[in-house]
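Heads up: the structure comes next, in structure tokens.
The values are calculated or read from the model by the stated rules, or taken from the named source; none is laboratory data. From a predicted model like this one, the values you see are computed outputs, not experimental measurements. Here the Cβ is made from the backbone with ideal geometry for all residues, glycine too, and neighbour counts use every protein chain on show. Remember, those area values only see protein heavy atoms, side chains included, never the ligands or the DNA or RNA. Shrake-Rupley method; radii C 1.70, N 1.55, O 1.52, S 1.80 Å.
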Amino acid sequence: MRRIAETGKLVTFGIVPTEANTGYGYLKKGPKGTLPGEYQVASFVEKPDLKTAQEYIESGDYLWNSGMFMFRAQDFLDELQSFAPDIATPCARATKNVRNDLDFLRVEATEFAQSANNSVDYALMEKTQKAALVPLNAGWSDVGSWNSLWEILEKDEQGNVVKGCEAIMQNTSDCMLMGDARLVTLLGIQDLVIIDTKDALLIAHKSAVQSVKSLVEAVKINGGNQHEFHRVVYRPWGHYDAIDAGERFQVKRITVKAGEKLSLQKHHHRAEHWVVVAGKAKVTRDTETIALSENESVYLPIGCVHALENCESRPLELIEVQVGSYLGEDDIVRFEDRYGR
């Protein structure tokens, strides 16, 4: 495989199918290439219905499209520039100025947003003359759906998988339950996937989980933001959990990592109350510096310049109550920020 990539080819791996699976796209094998194990790609095929998938398996000419590739980076970039400059050019500009964020490198968002929204298959692999196909028979699964995850996880005697929460199940079999701490009870059901998170609850029959994407589109159409914003949000200094909200108020549980500090900032539309529940906080409020310990609090009126710092060697936890006419995260004016935001 490496030898094929070293000739300048863009190698895609086709999985030798074990069943007529409708959850994968397929690759049709073309003529053999010049190196051992190499084939040309005759065509890329979308996810088929069951009857068509069975025909593919019986023909022996089709492989599952794994979405895995091997190529030299420059070969890929050159082909991308030739066939999809609307992706290559904005991405190149976006990577000129990157910044560190936790364990990630963040590209320049405005430039990256100019990139076309397209898959590598549509944008490049179906157009390039350098595509090569290598069959792979390695017991592979992309674990790309809740159903496929259920298949590989350890099950109880009734075929149920439970992760992340306490469950009471009666007359329930072949289900997958993933929760976020609270008790979940199941009674008289079979072949369901139940995913209970702080953001949303999904209940689906295992035969329908491939259509989860349509639910995400429905959230967008209905004006929801759960597909984009999460209750627990991570920042370079730690994270916060938006535990409650209503008209003109919002409550967050904030965790600041040892030695970290939030930016020096102010808000135009909201006041904040901070109550320390664990650790010690150093608070800047306009010209004051205030030390807070557990069960102590501070009030930050609208417009005051403030900052929060954890000078201890253990995490700082506090409850923040926001009150005001607008509580969006964009109501932040930063004056100093060690993370360059």
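Here are the numbers for the structure shown:
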| item | result |
| --- | --- |
| Cα gyration tensor category, rounded, prolate or oblate, for the stretch 24-161 with a/c compared to 1.5 | oblate |
| For the stretch 125-253, alpha-carbon Rg relative to the globular expectation (2.2 N^0.38 Å, N residues) | 1.38 |
| Whole-number percent relative contact order across the chain, with pairs defined as alpha carbons under 8 Å at least 6 apart | 11 |
| Equivalent ellipsoid dimensions for the stretch 231-341 as semi-axes, Å, which come from the Cα gyration tensor, largest first | 19, 16, 14 |
| Square roots of five times the Cα gyration tensor eigenvalues for the stretch 36-94, Å | 32, 15, 9 |
| Relative contact order, percent, the stretch 129-176 [alpha-carbon distance under 8 Å, six or more residues apart] | 28 |
| Highest to lowest packing among 285-292, 192-199, scored as the average C-beta count within 10 Å | 192-199, 285-292 |
| Lysine pairs with alpha-carbon atoms under 26 Å apart, the stretch 94-224, spacing 8 or more or separate chains | 10 |
| Compactness of the chain - radius of gyration and Dmax, Cα, Å | 26.0, 77 |
| Per-residue SASA entry for SER141, accessible area with 1.4 Å probe, Å² rounded to 10 | 50 |
| Largest to smallest accessible area among GLU55, GLU312 [probe 1.4 Å] | GLU55, GLU312 |
| For the stretch 222-269, Kirkwood radius (reciprocal of mean inverse C-alpha pair distance, Å) | 12.8 |
| The stretch 190-279 - Kirkwood radius from inverse mean 1/r over Cα pairs (Å) | 16.5 |
| Lys/Arg +1, Asp/Glu -1 at C-beta; the chain dipole; positive extreme among VAL256, ALA116, ALA218 | ALA116 |
| Compactness relative to 2.2 N^0.38 Å, alpha carbon Rg of the stretch 91-196 | 1.66 |
| Rounded to 5, the percent of DSSP beta bridges in the chain classed as antiparallel | 80 |
| ³J(HN,Hα) computed for each position of the stretch 188-202 - Karplus, 6.51 cos²θ - 1.76 cosθ + 1.60, integer Hz, glycine/proline x | x, 10, 8, 6, 10, 10, 10, 10, 10, 10, 5, 8, 6, 10, 10 |
| Nonlocal amide H pairs with GLU260, under 5 Å, H built at 1.01 Å | ASN310 |
| Top positive-direction residue, dipole computed over the chain with Cβ charges, set THR95, THR185, GLY23 | THR95 |
| Relative contact order (%) - criterion: Cα under 8 Å, at least six apart; region: the stretch 109-238 | 14 |
| Karplus 3J(HN,Hα) series, Hz, for the stretch 152-157 with 6.51 cos²θ - 1.76 cosθ + 1.60 (x for Gly, Pro) | 9, 8, 5, 10, 7, 5 |
| For the chain, calculated [θ]222 nm from helices alone, where every DSSP H run of n ≥ 4 adds -39500 (n - 2.57) | -4500 deg cm²/dmol |
| Cβ-defined net charge surrounding THR18, 14 Å radius [Lys, Arg +1; Asp, Glu -1] | -4 |
| Debye, to nearest 20: dipole size of the chain, +1 on Lys, Arg Cβ, -1 on Asp, Glu Cβ | 800 |
| Distant-in-sequence amide H partners of ALA131 (H built 1.01 Å from N, under 5 Å) | LEU10 |
